[in-house]
1. Suppose we look only past 27 Å in the calculated P(r) of the range 1-181. What percent of the Cα-Cα pairs does that tail hold?
2. In whole angstrom, how long is each semi-axis of the equivalent ellipsoid of the range 264-317, when you take the square root of 5 times every eigenvalue of its Cα gyration tensor and sort them from largest down?
3. Return one whole number: the accessible area per residue of the range 1-181 in Å², for a 1.4 Å probe.
4. Give me the number: length gained by fully extending Val152 to Ile6, i.e. 0.36 nm times residue separation minus the C-alpha to C-alpha distance, one decimal in nm.
5. Nearest 20 debye, what's the magnitude of the dipole of the chain about its Cα centre given +1 on Lys and Arg Cβ and -1 on Asp and Glu Cβ?
6. Listed highest first by mean packing, meaning other Cβ atoms within 10 Å per residue, what order do 110-119, 70-79 come in?
7. If the cut-off is a Cα-Cα distance under 16 Å, which aspartates and glutamates reach Lys181, setting aside same-chain residues fewer than 8 apart in sequence?
8. Given bins 10 angstrom wide, list per bin the percent of all Cα-Cα distances in the range 128-242, short to long.
Amino acid sequence: MDKKVIYLALVLFTITFSLRASNNMLMTTVPLVARYDFHFSSAVVGVVASVSSVFAFLGSIINSRLRGESRRKTFVYASLAYAVLFPLFYLSNSVTVWLLSAAIGLAMGLVTPNLINVAGSYEDRKVRERMLSFYTVILSLSLIVGPSIESVVLIRFSLLQAFLFFSVFAATVAGTSFTVKFKPYGGRVTTNREVWKSSGFRAAVFNNLMYSLPFGMLTTFGGIYAVEQFHQSYAVATLLFTAFFGTSLLSRFAFTVRPPKNLWAMIGLSSVLTAGGLLAVAFSPNVTAYAMALLALGVPHGLTFPTSLVLLSRAFPSEEERNVANSFYSALMSGVGSFIPIVLGGIVELAGLRFAFALLVPVSVAFSILLVREYLSQPREERPQPLAAGQRR
């Protein structure tokens with residue numbers, strides 16, 4: 001194998017694993033801290049969870065306008081800021097948690113899109129798509145290891161103390177950021193408006209929105225659901241995410257090792273499992289049934305992101321276009337994620353957790369319909385083609 005590919009894979013693994021493990025810990029633990037340490041209502045918990053997403057959205061927009069050396073320097077500085085801010089959550093209170101969430105969200109928005117760019121930096125389509133798939137496998141692996149570590153930590157330590165343990169991952173992000181290479185830019189700059197005109201881009205967005213809303217609900221209120229509905233401990237509530245991310249990892253691993261002949265069949269499967277899994281969560285009679293529902297929902301979580309990245313990769317032929325598209329894509333996803341917890345928090349406050357999960361079913365189905373319409377609106381020769389039988393990523 002090419003030494004450059006091996007180097008890229010090692011760097012990508014280290015920084016992606018560390019960022020996602022610590023970032024997910026932040027996303028799932030801050031709501032628990034807000035609820036049980038600071039005694040916030042469900043509505044306010046939703047707002048707290050949204051703050052980092054709002055500023056991640058702003059960071060991604062800023063990142064989409066940066067080029068060459070300025071992008072690299074911003075990436076490094078943001079990584080350093082992430083490492084400094086993360087352990088400060090241990091000292092947070094009901095006021096500073098808002099400021100820290102905003103600052104670390106901005107840093108994540110400046111870092112995350114560049115990791116997708118690094119994964120998709122090869123011109124060779126086969127290598128590029130294989131690396132993108134590898135990137136999603138790393139994400140799933142970190143989302144299994146991270147909650148497993150936190151569940152052990154929470155047996156003996158508090159929610160706030162857990163941030164100190166995960167600060168090691170944040171420091172690794174900063175250290176590895178210096179080794180990430182950025183290619184120089186030249187030629188005309190693609191605009192976000194031009195990116196949106198691509199049917200492949202819109203399909204990728206609708207595909208991810210079909211699942212990102214349920215995922216936002218799970219990360220914000222999944223732990224609270226286990227504690228309040230099934231009377232589980234913080235450690236068990238956190239450990240349940242391991243089941244969810246376990247099937248996600250298996251799905252992405254299978255996607256990498258044995259790519260599907262028809263990419264759109266995987267998208268259809270994800271749509272069905274998302275709606276069914278949400279209904280199973282809403283009507284779970286006990287924690288075992290809830291765990292089984294999380295196992296089912298892990299499959300579409302594993303499939304939607306890699307299929308979206310492949311759709312993006314195929315829609316834009318040049319690396320410069322892909323860099324803008326990836327940043328704009330990340331910004332849109334962060335923007336949606338910024339207001340969803342607020343809306344869901346209000347629904348939970350008024351109608352309860354079970355109804356909030358059930359309400360997401362028609363929303364998910366609506367995005368699935370938009371995705372199908374986008375696909376059918378394309379001329380047949382421009383539709384994303386099924387993967388070749390022997391093609392690997």
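The values are calculated or read from the model by the stated rules, or taken from the named source; none is laboratory data. The shown structure was predicted, so the numbers you read here are calculated from the model rather than taken from an experiment. Neighbour counts are summed over all protein chains in view; Cβ atoms, including those assigned to glycine, are modelled from backbone coordinates with ideal geometry. Surface areas here come from the heavy atoms of the whole protein model, side chains and all, with no ligands, DNA or RNA. Shrake-Rupley method; radii C 1.70, N 1.55, O 1.52, S 1.80 Å.
1. Details: 4465 of 16290 pairs.
Tail of P(r) above 27 Å: 27 percent of Cα pairs.
2. Values: eigenvalues 166, 17, 8 Å².
After diagonalising the Cα gyration tensor, the semi-axes are 29, 9, 6 Å.
3. Details: 7170 Å² over 181 residues.
About 40 Å² of surface per residue is accessible.
4. Values: separation 146, 0.36 × 146 = 52.56 nm, distance 3.28 nm.
Stretched fully, the Val152-Ile6 segment lengthens by 49.3 nm.
5. On the way: 31 positive and 16 negative charges, 228 e Å.
About 1100 debye.
6. Values: 110-119: 25.2, 70-79: 18.8.
Sorting 110-119, 70-79 by mean packing, highest first, produces 110-119, 70-79.
7. Lys181 reaches Glu69, Glu123, Glu319, Glu320.
8. 10, 26, 31, 22, 10, 1
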